[in-house]
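Visitor: The structure follows.
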Amino acid sequence: MSLDIITGFLDQHNLPWLILALLSWIIIYFLCSSRCFLKAFPVGLWTMTVGAILEHFFIEHKFWEEQFIMIPLGELDLFVIIGPFFAIGVILIRVLPENRLGKFLTVLFLSIIAVAVELAAIQLGFLSYNEAKWGLLNSLIAYSIGLMSALGFYYAYYSKSASSRIYP
């Protein structure tokens, strides 16, 4: 009963991605200090950009379809890009451990959480996959590769900025 009421309200007012964006920013607020946020901000922009490019590609090639677009940015909703795509990069840097295995497990864990959010969106009818072309395992792999690229960007960005401070 309550799930149907919530889903109906979100459908009627075209709000599912806005709610997800708000939840993402609430998580960032409680996990990050302003200093941590500023350090992770470039990585958030990176994951936001990579996520938008990948999602645009997947929608354009009919791998999946996103419904209930409130503020369109191409075929995407702006709130998906500035919400969960941005937040996953910031959270990655916030919880990033020092050792390689920990980094791998963190990427895997965040990818699993992102796939769980996708699964919830599918179950609620806000997202649908073309089952012949896409599945949850594909999403897990795509998120993992995207987050690994974010780690590469993070280390390249901060090693470059550190070396420019040493050698003016």
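Visitor: Among the residues of region 101-110, is there at least one that is more than 16 Å from Ala150 (Cα to Cα) and at pLDDT below 85?
Guide: no
Visitor: Do the conditions hold for Leu92, that is, is it more than 19 Å from Pro42 (Cα to Cα), touching a helix residue (DSSP H, G or I) at 6+ places or on another chain (Cβ under 8 Å), at pLDDT 90 or above and part of a helix (DSSP H, G or I)? Explain how you work it out, then say what you get.
Guide: Details: more than 19 Å from Pro42 (Cα to Cα): no; touching a helix residue (DSSP H, G or I) at 6+ places or on another chain (Cβ under 8 Å): yes; at pLDDT 90 or above: yes; part of a helix (DSSP H, G or I): yes.
For Leu92, the condition - more than 19 Å from Pro42 (Cα to Cα), touching a helix residue (DSSP H, G or I) at 6+ places or on another chain (Cβ under 8 Å), at pLDDT 90 or above and part of a helix (DSSP H, G or I) - is not met.
Visitor: Suppose we filter Val43, Val80, Val50 for residues that are closer than 24 Å to Tyr29 by Cβ, modelled with pLDDT of 95 or more and out of contact with any Lys or Arg (no Cβ under 9 Å at 6 or more places or on another chain); which single one remains? Even if it seems obvious, please write down each step before you answer.
Guide: Numbers: Val80 fails: modelled with pLDDT of 95 or more; Val50 fails: modelled with pLDDT of 95 or more.
Checking each option against the conditions leaves just Val43.
Visitor: Additional query: Please work out which one of (1) over 18 Å from Leu22 (Cβ atoms); (2) in contact (Cβ under 8 Å) with a residue 24 or more places away in the chain; (3) not hydrophobic (A, V, I, L, M, F, W, C) is the condition Gly83 fails and give its number.
Guide: So Gly83 meets the others, but not (1).
Visitor: With respect to Leu108, is the statement that it is under 12 Å from the mean Cα position of the chain (by Cα) and more than 19 Å from Phe58 (Cβ to Cβ) true? Don't jump to the end; show me each part of the working.
Guide: On the way: under 12 Å from the mean Cα position of the chain (by Cα): no; more than 19 Å from Phe58 (Cβ to Cβ): yes.
Spelling it out, it is not the case that Leu108 is under 12 Å from the mean Cα position of the chain (by Cα) and more than 19 Å from Phe58 (Cβ to Cβ).
Visitor: Out of the residues in region 111-154 meeting the condition of being under 21 Å from Lys62 (Cβ atoms), modelled with pLDDT of 85 or more and hydroxyl-bearing (Ser, Thr, Tyr), tell me which one is surrounded by the fewest Cβ atoms within 10 Å (Cβ to Cβ).
Guide: Applying the filter and picking the extreme gives Ser139.
Visitor: Applying the selection to region 121-139, what residues are assigned to a helix (DSSP H, G or I) and in contact with a strand residue (DSSP E or B) (Cβ under 9 Å, 6 or more places away or on another chain)? Steps first, answer last, please.
Guide: If we filter region 121-139 for residues that are assigned to a helix (DSSP H, G or I), which is where we start, we get 121-124, 136-139.
Listed by number, the residues that qualify are Ala121, Ile122, Leu136, Asn138, Ser139.
Visitor: Then there's this: Can you confirm whether region 87-107 contains a residue that is surrounded by 15 or more Cβ atoms within 10 Å (Cβ to Cβ) and closer than 30 Å to Ile5 by Cα?
Guide: yes
Visitor: Let me ask something else. Among the residues of region 20-40 satisfying the criterion of being under 18 Å from Leu119 (Cα atoms) and surrounded by 15 or more Cβ atoms within 10 Å (Cβ to Cβ), which is modelled with the highest pLDDT? Break it down into steps so the answer makes sense when it comes.
Guide: Going through region 20-40, the residues under 18 Å from Leu119 (Cα atoms) turn out to be 20-21, 23-24.
Restricting the remaining residues to those that are surrounded by 15 or more Cβ atoms within 10 Å (Cβ to Cβ) gives 20-21, 24.
Details: Leu20: 81, Ala21: 83, Ser24: 90.
Looking at residues that are under 18 Å from Leu119 (Cα atoms) and surrounded by 15 or more Cβ atoms within 10 Å (Cβ to Cβ), I get Ser24.
Visitor: Determine whether region 57-77 contains at least one residue that is among the aromatic types (Phe, Trp, Tyr), modelled with pLDDT of 85 or more, surrounded by 19 or more Cβ atoms within 10 Å (Cβ to Cβ) and under 20 Å from Met148 (Cα atoms). Before the answer, list the steps.
Guide: Filtering region 57-77 for residues among the aromatic types (Phe, Trp, Tyr) gives 57-58, 63-64, 68.
Keeping just the survivors that are modelled with pLDDT of 85 or more gives none.
Within region 57-77, not a single residue is among the aromatic types (Phe, Trp, Tyr), modelled with pLDDT of 85 or more, surrounded by 19 or more Cβ atoms within 10 Å (Cβ to Cβ) and under 20 Å from Met148 (Cα atoms).
The values are calculated or read from the model by the stated rules, or taken from the named source; none is laboratory data. None of these values were measured; they are calculated from a predicted model. For neighbour counting, all protein chains shown are included, and Cβ atoms are generated from backbone atoms with ideal geometry for every residue, glycine included.
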